[in-house]
2 protein chains.
Amino acid sequence: MRFAEKLANCVKKNNSLLCIGLDPEIEKIPPFLQEVENPLFAFNKEIIDKTHDLVCVYKPNSAFYEAHGVLGIKQLQMTCEYINSTYPDIPVIVDAKRGDIGNSNEGYARYAFDYLQADAVTVNPYLGIEALSVYFNRADKGIIIIVHSSNPGAKEFQELSIDTTPLYEIVAKDIAGQYGNNPDCMIVMGATYPQQLGQVRRIVGDMTILIPGIGTQGGSIEDTIRISLNSQKQGIMVNASRSIIFAGSDQNFAEKARNAAENLRVNINVFRV
Amino acid sequence: MRFAEKLANCVKKNNSLLCIGLDPEIEKIPPFLQEVENPLFAFNKEIIDKTHDLVCVYKPNSAFYEAHGVLGIKQLQMTCEYINSTYPDIPVIVDAKRGDIGNSNEGYARYAFDYLQADAVTVNPYLGIEALSVYFNRADKGIIIIVHSSNPGAKEFQELSIDTTPLYEIVAKDIAGQYGNNPDCMIVMGATYPQQLGQVRRIVGDMTILIPGIGTQGGSIEDTIRISLNSQKQGIMVNASRSIIFAGSDQNFAEKARNAAENLRVNINVFRV
């Protein structure tokens, strides 16, 4: 099943636009889990088991696993495999923000889609849309391109004006022009820049937008949702990572994560009507 | 020892500006090596043993190892460890082209510098120089930022004009302005765009430039060297990957790689006088 269809089904089934970022940090997971074998996986498994009916997608960020070398990357693979086997209706985005020339991108596509068996991967546009073609050659896989990131320094290059049009809008237009009819092609827009998010929604029509920056990073839920929904009152995946997975820090951490996830799921839905 | 110093010493010792890209593909390595344990590492080891006196730096691209999951990444780690232990005077760049927001970049920095024990890493500027600060917090490590890539589609965004100044020049100016006095900060410029390379040399002064795109990608050696040398007749690392490591395809592949590397090392030096 193609990524877009799997995502749409999960949005409907769980009545959710919530994406949980599975970004475990060994120093932040509950102490009783830090000593077990494969602690990152053990932590994720608890979070997943307690939130699987609340999300439309999970999004582990590869950086948090790579930090531990092959021991960490193995646990990323175990996490993806666990979701695929136990909750096969829930799609998985590997947040890797990769971007290289063609033959190198082929290696990254194999990492995300063949080794990790993810449904989608995030990529960087700086080398041009042409360089991303090897990702698009993968039938049914989701390709999610950064347009405007959520970090404080995002404006430095992304908002430079080309004949009065900021770079991020040109990136959005190029993507929509080339892949706007491919539902598996999506984009990333940070919630911390709501005006820019609204502008890009007008540019890309009903394309699906992955939105980080809510929660710890401080983006407003109401502003974000009202501005970013597409004409079907959906078309967004609202990501939260730290504010959910680290909501608790002891034995009941997964229950606290569930409460945080459920609150956010409902708060998002309030503004969908 | 800081990356810049290690690199300068190796340039001098081997009289070389040649960077060999260790980008093994299982389908392209000699058949007799495809069946051994850790074939990518075994291939790299032969190449390294035959070329260690001809290079100023080695540059494995993480993508070619990630393609094989943890089995591949383990061999990338073994390759870095082999160079560090056997040829400790030769620096290693992990070509990973990473780029995320701050706390995610911390994970990538750990991957490159703590797990792989590399001397330097390549990064992507799209999220702004601010997002790269966690890399610069690593004392003595090299941070090599993509300015203009070598691929056919590089122009799409990198050459958009902001008040008549193309984006890649603004990126180069921002890097030189913020980190031009840090010798461990370097940039990437593709040899396939020689005019742009010359323009950036004028912008960044004597900063060191990593130059891919010679060899299989077709950049001219003479044009590239004449245009890119700094005022000290150095300040460049000229990368070649496929044209060297796949110069041969049977038992004598490493000897053929050595011949290709030696030819390129000499051809580069011809234009340094």
If each of B:ASP206 and A:ASN38 carries a label point 7 Å out from its Cα toward its Cβ, how far apart are those two points in nm?
5.3
Could you grab the relative contact order for the stretch B:158-273? Cα pairs under 8 Å, six or more apart, rounded to a whole percent.
20
On a 0 to 90° scale, report how tilted helix A:167-179 is relative to the longest principal axis of chain A, with both axes built from alpha carbons and the result rounded to the nearest 10.
90
Rounded to a whole number, the mean other protein chain Cβ count within 10 angstrom for residues of A:93-106 is 6
Average partner chain C-beta neighbours within 10 Å, per residue of A:167-175?
2
Alpha-carbon centroid distance for the pair the stretch B:171-248 / the stretch B:97-118, whole angstrom:
23
Copy-to-copy spacing for B:ASN9, label 7 Å out on the Cα-to-C-beta vector, in nm, shortest first?
5.9
Among all the lysines, which ones have a C-alpha under 27 Å from A:LYS50's C-alpha, if same-chain residues fewer than 8 places away are not counted?
A:LYS6, A:LYS12, A:LYS13, A:LYS28, A:LYS59, A:LYS74, A:LYS141, A:LYS233, A:LYS256
Between the residues B:GLN234, B:VAL57, A:TYR58, the Cα farthest towards the positive end of the dipole of the protein assembly as shown, that dipole coming from +1 and -1 charges on the beta-carbon of Lys, Arg, Asp and Glu, is from B:GLN234
Once the cut-off is 35 Å, how many percent of the Cα-Cα pairs in chain A end up in the long-distance tail?
11
Of the options A:PRO183, A:VAL94, B:ILE245, report the single residue whose Cα projects farthest towards the positive end of the charge dipole of the protein assembly as shown (beta-carbon charges: Lys, Arg +1; Asp, Glu -1).
A:PRO183
Over the protein assembly as shown, what portion of Cα pair distances is larger than 39 Å, expressed as a whole percent?
24
Just to confirm the number: angle between the C-alpha axis of helix B:69-86 and the first principal axis of chain B, 0 to 90 degrees, nearest 10?
90
To the nearest 20 debye, what charge dipole does chain A have about its Cα centre, counting +1 at the Cβ of each Lys and Arg and -1 at the Cβ of each Asp and Glu?
640
Scan around B:GLY142 for amide H atoms under 5 Å from its own, H built in the peptide plane at 1.01 Å from N, and keep only partners 5 or more places away or cross-chain.
B:PHE3, B:ALA120, B:VAL121
When a/c is below 1.5 the answer is rounded, else prolate if a/b is larger than b/c, else oblate, so apply that to the stretch A:1-136 with a ≥ b ≥ c taken from the square roots of the Cα gyration tensor eigenvalues.
oblate
Inter-copy label distances at B:ASN267 (7 Å, Cα→Cβ; nm, one decimal)
6.0
So the A/B interface buries, both sides summed and with a 1.4 Å probe, an accessible area in Å² (nearest 100) of 4800
Placing a label point 7 Å from Cα toward Cβ, how far apart in nm is B:GLU37 from its equivalents in the other copies, listed shortest first to one decimal?
2.0
Net charge, B:ARG202 excluded, C-beta distance under 14 Å - Lys, Arg +1, Asp, Glu -1:
+1
In Å², rounded to a whole number, the accessible area per residue of chain B with probe 1.4 Å is 35
Computed over chain A: relative contact order in percent, which uses C-alpha pairs under 8 Å that are six or more apart
21
For the charge dipole of the stretch A:1-70, defined by +1 on Lys and Arg C-beta atoms and -1 on Asp and Glu C-beta atoms about the Cα centroid, which residue among A:LEU40, A:LEU7, A:PRO24 has the Cα displaced farthest towards the positive pole?
A:LEU7
Would you mind working out the magnitude of the charge dipole of the protein assembly as shown relative to its Cα centre, with +1 at each Lys and Arg C-beta and -1 at each Asp and Glu C-beta, to the nearest 20 Debye?
580
Starting at 0 and stepping by 10 Å, how many percent of the alpha carbon pairs of the stretch A:101-221 end up in each bin?
13, 44, 34, 9, 0
Counting pairs of alpha carbon atoms under 8 Å apart in space and at least six apart in sequence, what relative contact order in percent does the stretch B:8-91 give?
37
Rounded tilt (10° steps) of B:39-51 against the dominant C-alpha axis of chain B:
80
Expressed as a whole number, the average count of other chain Cβ atoms within 10 Å around the Cβ atoms of B:107-113 is 5
Only four residue types carry charge here, +1 at the Cβ of Lys and Arg and -1 at the Cβ of Asp and Glu. Report the dipole size of the stretch A:21-168 about the Cα centre in Debye, rounded to the nearest 20.
100
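The values are calculated or read from the model by the stated rules, or taken from the named source; none is laboratory data. Remember, it's a predicted structure, so these values are computed and weren't measured experimentally. When we count neighbours, we look across all protein chains shown, and the Cβ atoms used for this are built from the backbone with ideal geometry, even at glycine. Heads up: the accessible areas ignore ligands, DNA and RNA and are worked out on the full protein's heavy atoms, side chains in. Shrake-Rupley method; radii C 1.70, N 1.55, O 1.52, S 1.80 Å.
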